[in-house]
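Everything below concerns the one structure shown next.
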Amino acid sequence: MVKEKIALDTNVVIDIFNNKHNVVTLLNHYQSIYLPVTVCGELLFGAKNLARSQENEQKCHDFISNCHLLNINELVAEA
């Protein structure tokens, strides 16, 4: 059954980058993936501070560009 949408936190995205099969399989059941902007910031900060920073930053940018971004506001916090 395909579900409509899901929002991810940083740990889940890292699991995706590490090809954790169960996480990748689960996400295939969703039509849309959402990322809070804070998650994007955490991913990019982490990528810049790892070895092979350019490669990791590009990986993050590629993933982020395929997601819908959630700006943080009161409406999002209450959802």
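The values are calculated or read from the model by the stated rules, or taken from the named source; none is laboratory data. Not measured: the values here are computed from a predicted model. Cβ coordinates were reconstructed from backbone atoms using ideal geometry, including for glycine residues, and neighbour counts include every protein chain displayed.
Here is a yes/no grid of residues against (1) without any contact (Cβ under 8 Å) to a residue 40 or more places away in the chain; (2) within 18 Å of Asn56 (Cα to Cα):
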position: Ala7; (1), (2): no, no
position: Asn11; (1), (2): yes, yes
position: Ile14; (1), (2): yes, yes
position: Asn18; (1), (2): yes, yes
position: Val23; (1), (2): yes, no
position: Leu26; (1), (2): yes, no
position: Gln31; (1), (2): yes, no
position: Leu35; (1), (2): yes, yes
position: Cys40; (1), (2): yes, yes
Select, from Ala47, Ala79, Ala51, the only residue that is surrounded by 13 or more Cβ atoms within 10 Å (Cβ to Cβ) and either at pLDDT below 95 or of a type in the set (S, T, N, Q) (or both). Ala47
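Kindly check whether there is at least one residue in the range 11-30 that is surrounded by 12 or more Cβ atoms within 10 Å (Cβ to Cβ), among the charged types (D, E, K, R) and more than 13 Å from the chain's Cα centre (by Cα).
Here is the first cut: in the range 11-30, the residues surrounded by 12 or more Cβ atoms within 10 Å (Cβ to Cβ) are 12-17, 20, 23-24, 26-27, 30.
After this cut, where a residue has to be among the charged types (D, E, K, R) as well, the list is 15, 20.
Narrowing the set further to residues that are more than 13 Å from the chain's Cα centre (by Cα) leaves 20.
Yes, the range 11-30 contains a residue that is surrounded by 12 or more Cβ atoms within 10 Å (Cβ to Cβ), among the charged types (D, E, K, R) and more than 13 Å from the chain's Cα centre (by Cα).
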